[in-house]
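Worksheet: the structure to be examined is printed underneath.
Throughout, read-outs are computed from the coordinates displayed, never taken from laboratory work. If you're wondering where the values come from, they're calculated on a predicted model, not measured in any experiment. Virtual Cβ from ideal backbone geometry, glycine too; neighbours counted across all protein chains shown.
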Amino acid sequence: MNIPARGPAQVRIGIAIAVPDPFAEELQTARADLGDPLAHAIPPHITVIGPTVVDESVLPAVVEHLEKVASETPAFRVHLRGTGTFRPISPVVFVALAEGIAECEMLEAATRSGILAQDLRFNYHPHVTVAHEVPEAELDRALTDLAGFDGAFDVDRLWQYEHGDDGVWRPQRSFRLAGARSAP
């Protein structure tokens, strides 16, 4: 995992959509069973903004930005189904989105602006990682074992996570999605 260095008076944050139970528990258990060392350090989620270092002094501005984005974004549905991989570029297997892709992309674009504007290393692709940096055989097993995964849930909030000194990502605050849905 690409984790940026953090200096004094800085925090490492990530912005994500939390995967709720029972799906989160199932995916975290599967990730642990595959031997992924990050299984219990990273709750199942759909990344919106990856690991980002910010000065503690600008956290209030980050919160204000996220509140604004969330207030303008309507709640939406995500349907997770099947698996995919980023191999050979990156040793990752993920559960794919069958519904909610466009909404995640719009949320990511709105969030990755203003104080959180940044260049991306790869194009944004919403997904839920289930195996990362494990042997090839385990990546293959993840791809096969979770191919039948199917679960849907409503997304009504965005989460700010913080990466602790112990390497664990923990939710710090949520931002309710409160935008009006556009007419069909």
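What ranking do Phe94, Phe153 get, fewest neighbouring Cβ atoms within 10 angstrom at the top?
Numbers: Phe94 24, Phe153 18.
Ordered from fewest to most neighbouring Cβ atoms within 10 Å, Phe94, Phe153 come out as Phe153, Phe94.
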* Pairs of Cα atoms under 8 Å, at least six residues apart: use those to get the relative contact order of the chain, whole percent. => 31 percent
* Add -39500 (n - 2.57) for each DSSP H run of 4 or more in the chain, then divide by its residues: what number comes out at 222 nm, to the nearest 500 deg cm²/dmol? -> -7500 deg cm²/dmol
* **Overall dimensions of the chain by Cα: Rg and Dmax, Å** => 16.2, 49
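Using a simple charge model, +1 on the beta-carbon of Lys and Arg, -1 on the beta-carbon of Asp and Glu, nothing else, what dipole does the range 11-176 show about its Cα centre, in debye to the nearest 20?
On the way: 13 positive and 26 negative charges, 59 e Å.
Rounded to the nearest 20 debye, it is 280 debye.
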* Asked: Rg to Rh ratio, the range 17-124, alpha-carbon atoms and Kirkwood radius?
  -> 0.98
